[in-house]
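Input: a single structure, listed below in C-alpha cells.
The values are calculated or read from the model by the stated rules, or taken from the named source; none is laboratory data. A quick note: this is a predicted structure, and the numbers were derived from the prediction, not measured. Cβ placement follows ideal geometry from the backbone for every residue including glycine, while neighbour counts extend to all protein chains displayed. Accessible surface areas use protein heavy atoms only, side chains included; no ligands, DNA or RNA. Shrake-Rupley method; radii C 1.70, N 1.55, O 1.52, S 1.80 Å.
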Amino acid sequence: MAEDTRDWELETKLVRGGLARTPYGEISEALFLTQSFSYESAGAADKRFSGEEPGFIYQRFGNPTTQMFEDRLALLEGAESCRATASGMAAVHVALQGLVRAGDHIVAGRALFGSCRWILSEWMPRFGVEVTYVDATDLDAWKNAVRPNTKAFLVESPANPLLEVTAIGAVAEIAHAAGAKLVVDNVFATPVFQKPLALGADIVVYSATKHIDGQGRVLGGAILGAEQLMTEAYKDILRHTGPALSPFNAWVLLKGLETLELRVTRQAQNAAKIADVIAAHSKAKTVLYPTRPDHPQAAIIANQMTGGGNVVAFDLGSREAAWRFLDTLEIVDISNNLGDAKSMATHPCTTTHRSMPEAERLEIGLTEGWVRMSVGLEGPGDLTRDVSRALDAA
Ligand SMILES: *Cc1c(COP(=O)(O)O)cnc(C)c1O
C-alpha cells in the first residue's frame, strides 16, 4: 500500500515531505535555477497555458524546487495549499490584499510586527480599505469592531514583542459569524508548536526568514490555507504582481525544514531555562514566556500551543538598564532578528518598534525598559552565564 504522507509523523514530514526526485535519484533536493520551461510542441504549450495539462511555465508562477518547499510546509501545517513568497512581509501583504477591495474593512490585533502595522495604517487606507485595531485578548473588542464590510481579521499570536496570546478558535468564530476570514501570523509559535488552521483560522502566514531558515541566510515567506480560498484570493495576485520566492532560497528553506523540529525544540528548552533565570533575578520587573505559569494568557496557551517558542521578553525598568544589559552581553548578539541558531537580543522601543507612536506603544504595554531576546542553540550554561552577568550590570 502506498504511504499516505499526511499520516507521517512530524519529523518524517519535515525530512521527506514534498520530495520530488528527478530520474537521477538524487538524495538532496534538486535546485532548479531556471526562469522558464520548454514545451514539446506548440499544442503542449497551449495546453499548459490553458491549465488543461499540469506543468511549470515561468518562475514567477511556480518552480519545482519552490514547489517542494510549498508541499513540505503544507504537509507540516495540515494545509491543502501553500504558496511561497519572497519574504514574510510579501506573505502578509498578499494574504490581506487578496481578501479585500476598496470599501472593505479589516480588524487587527494592535500588537503587530512593525511592517504589518505600516501595511494596515498607511498602505491599506490608500486603497480605500479601513482598519480597526483591537486589544487581541479581548473577545468583545473583536465583536464590537465588526462592520457590515469587514472582510478580514489579522492577528499575530504570540505577538511581537510582548508575547501576547490570542484565543485563535474564539476569534475565528467571531470572524466567521461576520463573514470574514481570519489570517494568523504564526511566526513566533512556528509550525511545530501551533496549528492555527486546526484551531479555526482560514489563512496562516510565515516569515520563513525566521525559524524555518533558522541559520541567518535568506528571506522567505509562505501563505497557507484551503485550496479553494488560496486559488480564489491569491493565485492571480501572486502570478501578476511577482512576489515569488527565489528557487535558491526555497532550496535553503527546504534544508532548513529538515532540522526545524530539532532546532526549535532545543531553542524552546533553552528559552524556558533563560526565562526562569531572568525571573529569579532582582533586576527583572516582569518576564514573559508562553509556558511560564505567570504568563497572563497561560490558560489559552495550554489549549493551543504545544511549546513556548524561543522568544523571551523582560522589563528592566528603564532604557538605561536595558541598554546596559545589551552592552554587557558577550555571547548573545545585539540584533533585531529572531529564530536564529545564534541568540540575539534587542531593545524594541529604539529598534523594531521605534516607528510606533509612543501612545500606541503604551497601549500594548511596551515601555522603555523592555528587552526581547531570541534564544538560540548555544549551550545553556554559557547562555545563563552571559545573561546573568548582563542582568547584574543592568
Ligand atoms: C519577521 C516577521 C515578519 C516579516 O518577515 P520578513 O521575512 O522579514 O519579511 C512578519 N511577521 C512577524 C511576526 C515577523 O517576526
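Of all positions in the stretch 379-386, at least one carries a residue that is open to solvent by less than 10 Å² (accessible area, probe 1.4 Å) and modelled with pLDDT of 95 or more.
Residue under question is residue 171, and the condition is that it be part of a loop (DSSP other than H, G, I, E, B) and open to solvent by less than 20 Å² (accessible area, probe 1.4 Å); does it hold?
no
Each residue in the stretch 99-120 was checked for being more than 20 Å from the chain's Cα centre (by Cα) and either part of a loop (DSSP other than H, G, I, E, B) or within 16 Å of the ligand (Cβ to nearest atom) (or both), and 5 of them qualify. In the stretch 135-151, of all residues being away from the ligand (no atom under 16 Å from the Cβ) and open to solvent by less than 20 Å² (accessible area, probe 1.4 Å), the one that is farthest from residue 368 (Cα to Cα) corresponds to 150.
For residue 176, the conditions (1) away from the ligand (no atom under 16 Å from the Cβ); (2) under 29 Å from residue 367 (Cβ atoms); (3) open to solvent by 10 Å² or more (accessible area, probe 1.4 Å) are fulfilled apart from (2). Only a single criterion out of (1) under 18 Å from the mean Cα position of the chain (by Cα); (2) more than 16 Å from the ligand (Cβ to nearest atom); (3) not acidic (Asp, Glu) is not satisfied by residue 349, namely (1). Filtered by the rule that a residue be within 16 Å of the ligand (Cβ to nearest atom) and aliphatic (A, V, I, L, M), the stretch 73-90 gives 73, 84, 86, 89, 90.
How many residues does the stretch 258-297 contain that are small (Gly, Ala, Ser) and within 18 Å of residue 342 (Cβ to Cβ)? Walk me through it before giving the result.
Kept after step one, since they are small (Gly, Ala, Ser), are these residues of the stretch 258-297: 268, 271-272, 275, 279-280, 282, 284.
With the extra rule that they be within 18 Å of residue 342 (Cβ to Cβ), the set shrinks to 268, 271.
Final tally of qualifying residues: 2.
Table: residues versus (1) open to solvent by 20 Å² or more (accessible area, probe 1.4 Å); (2) within 23 Å of residue 198 (Cα to Cα); (3) in contact with a strand residue (DSSP E or B) (Cβ under 8 Å, 6 or more places away or on another chain).
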| residue | (1), (2), (3) |
| --- | --- |
| 43 | yes, no, no |
| 65 | no, no, no |
| 68 | no, yes, no |
| 77 | no, yes, yes |
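Among the residues of the stretch 91-134, the ones that are without any contact (Cβ under 8 Å) to a residue 40 or more places away in the chain and open to solvent by less than 60 Å² (accessible area, probe 1.4 Å) come to 10 in all.
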